[in-house]
1. How long is the gain from ASP482 to ASP651 if the chain were fully straight, where each residue apart is worth 0.36 nm and the alpha carbon distance is subtracted?
2. Accessible area per residue, 1.4 Å probe, Å², for the chain: what's the number?
3. Ordered by packing density, taken as the mean number of other Cβ atoms within 10 Å over each peptide's residues, highest first, how do 183-194, 285-296 rank?
4. Which value in nm describes the separation of the simple spin-label points at ASP532 and THR685, placed 7 Å from the Cα toward the beta carbon?
5. Taking θ as phi - 60°, what are the ³J(HN,Hα) couplings along segment 610-616 by the Karplus curve (6.51, -1.76, 1.60), each to the nearest whole Hz, with x for Gly and Pro?
6. Suppose R0 equals 41 Å; then what is the FRET efficiency for ASN411 and GLN708 from their Cβ-Cβ distance, rounded to the nearest 0.05?
7. Can you give the accessible area of THR731 in Å² (nearest 10), computed on protein heavy atoms with a 1.4 Å probe?
8. Taking the dipole about the Cα centre of the chain, with the C-beta of Lys and Arg at +1 and of Asp and Glu at -1, give me whichever of GLY239, GLY286, ASN180 is farthest to the positive side.
Amino acid sequence: MKASTFMLLLAVMLLAISHICVVAEDREQQVKKTYIIHMDKSQMPASFEDDHFQWYDSSLKSVSNSADMLYTYRTIIHGFSTRLTAEEAELLEKQPGILSVLPERKYELHTTRTPEFLGLGKSEALLPASDKVSEVIVGVVDTGVWPELKSYDDTGLAAVPSSWKGSCEVGTNFSSSSCNRKLIGARYFSKGYEAALGPIDEKTESKSPRDDDGHGTHTSSTAAGSAVPGASLFSYASGTARGMAPQARVATYKACWLGGCFGSDITAAMEKAVEDGVNVLSLSIGGSLSEYYRDTVAIGAFSAAAQGILVSCSAGNGGPDSGSLSNVAPWITTVGAGTLDRDFPAFVSLGNEKKYRGISLYRGTSLSSGLLPLVYARNASTSSSGELCSPESLIPAKVAGKIVVCDRGGNPRVQKSLVVKKAGGLGMILANTDSYGEELVADAYLLPTAAVGQKAGDAIKSYIASGSNPTATIALGDTELDVQPSPVVASFSSRGPNLITPEILKPDLIAPGVNILAGWTGAVGPTGLAEDKRRVTFNIISGTSMSCPHVSGLAALVMAAHPEWSPAAIKSALMTTSYTTYKTGETIKDIATGNPATPFDYGAGHVDPVAALDPGLVYDAAVEDYLSFLCALNYTTTQIKLTTHKDFTCDSSKKYSLRDLNYPSFAVPLETASGKGGGSRASTTVKYTRTLTNVGTPATYKVSVSSQTPSVKITVEPESLSFSQAYEKKTYTVTFVASSSPSGTTSFGRLEWSDGKHTVGSPIAFSWE
């Protein structure tokens, strides 16, 4: 080939590639996505005569003749959501009166014995009267509700609170009679979901508040379900199931669907919940971390908190990795997960006479007596990751009639049991890998199964590899109570530090989130798999999705006892009365490591609701405190308005500090030996200011501090605080003098105020950067 011909062909190829790239880029520009548009209402032209909806429409039509508004917002933000191309979004952002044009984010769900474990059953005389609790309305943003469950029985409840402004929306398989004096409201929000993924298929999903997933029914009945005697899952965890605040009212807002939870729907749901008059708002959902002014949940939660609504959110299921938290805004109560003192044992017996303990919720035909052939899935698969038992990965000829060992991870645990069953296996041993350690989560498997920890799993796999004809059998036990130690921090529970604002310690606290029994949908079986034809009224599942509604319901109890308290005061009461040690004095353990857990794992500790009703002192905070916090973050006036829905300009003559937010815990980032400027530093001194409000009787409180490390000296001034009347406020200062430590070092301490009756505790987390 001549050089000139080659060059001509090369030029033609490059031109073609360039054309393809241009076309692809043009297509990308033309693809429409959902955006949430924040408007500055103060800049609305007078010609619209205070008709902001007409103004919104005019602004939208200035860049797109075809776009329609999905939702308009007026309570938690001013603005609307719509579908735009990238070019249209860019043009709209340049229009007058537009604060921001944010791409919609997709959020995910963070997916009986509990009242007794928390001490509620033994302390009913200390709890607020039922008529007071029945005035509290718990709103739940989730996957909807299965209203026929006895968890929503309204027997004995008086008329719906007069403050309620909500409604019971009618839709597929849901009528106005689905609500009652217990389930007082139900709405659904699908416009963002349908705009992103197309029209809802009403053969598989109800376009109504009805719950087709189970998650929303489980969370709302955990928070405030009525007492239901004789509840269980296949006779496991049998007893009376009731929510944390069984007399409180429930309102559900379905913003999560089988394809996920979309930001425009969540914003609309939170807005309606605020307008309807809920008192507590529970969201067991989360997404990737972002600055507060770009975070849908944080923005909605601020407006809710400003109107006296406590917002409780799940911390996330990203543990045990550090810095894996969601929902870290200081006006949100962020909840991690711990275990209960209840277990569902299953036992593996091997042909070498070794026995191992695991866990299972299987209830069906047991394995025949005697030992069965045992095979490791990796040796019975054509897949390079055959040990995970993913769909259609097993070779039936190598599995049929055997017990199969599958590794945890990669695909749902219950799905693995279905894969084994379809391949002809008779049983499954689900083995934890080092990613999961010794954490055991119970599931309602589709064939005899025992889930075992990493140590047992490794031993079983070693037995298989060591000789010919390995055999085993699985035996299932009954529910065990008073399992110790408990609680322990769940391995999946997301951990600190707070990557958005390291000066705010998160999570705030932990609550039961492992193997929780609560109400379930009638639309799917306990595994959620299409092949699972079993139907149950209660299910046992795990996640910070389960711990969040525990705190939501407990917050409702505290609110009923103290209706005059702010959301910050209620959160403070729950945090400062939490416990961090067992009755033996040992620190709560982290199941991921087997070692003592830290405030990055459990925050202030494990919730103690009875103590929270009488905390003695609280760390209160108002809207003004959070505005000062945002100023300390150097937010602009526009960013503050996006976050708070308020016009506020930071005072340039005032020095704002993150250390002065009146938070019930302390996170203390410290400089390393080299310092940020590169020079050597012998020590670092930082001061934090806090104000305590007396919510008890007159008393004098004395302070005590402890620290795990001699590298930090802690002094408190003054060392005692005397309160002579209710709601009196006293301020104190904590000074931390820290010697240098290597970057990445962490250590912990604790500060407590006590009058002999009350202990007001705050965790301290030190981290050298």
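The values are calculated or read from the model by the stated rules, or taken from the named source; none is laboratory data. Just so it is clear, the structure is predicted and the values come from calculations on it, not from any experiment. Glycine gets a Cβ as well: all are built from the backbone with ideal geometry, and neighbour counts include every protein chain shown. Areas reflect the complete protein model, heavy atoms only, side chains present, ligands, DNA and RNA absent. Shrake-Rupley method; radii C 1.70, N 1.55, O 1.52, S 1.80 Å.
1. Computed gain between ASP482 and ASP651 is 55.3 nm.
2. Solvent-accessible surface per residue comes out at 39 Å².
3. Packing order, densest peptide first, comes out as 183-194, 285-296.
4. Each label point is offset 7 Å from its Cα along the Cβ direction, giving 6.0 nm.
5. So the J values, rounded to whole Hz, are 5, 5, 5, 5, 9, x, x.
6. With R0 = 41 Å, the Cβ-Cβ based efficiency is 0.55.
7. 80 Å²
8. Positive-end residue among those listed: GLY239.
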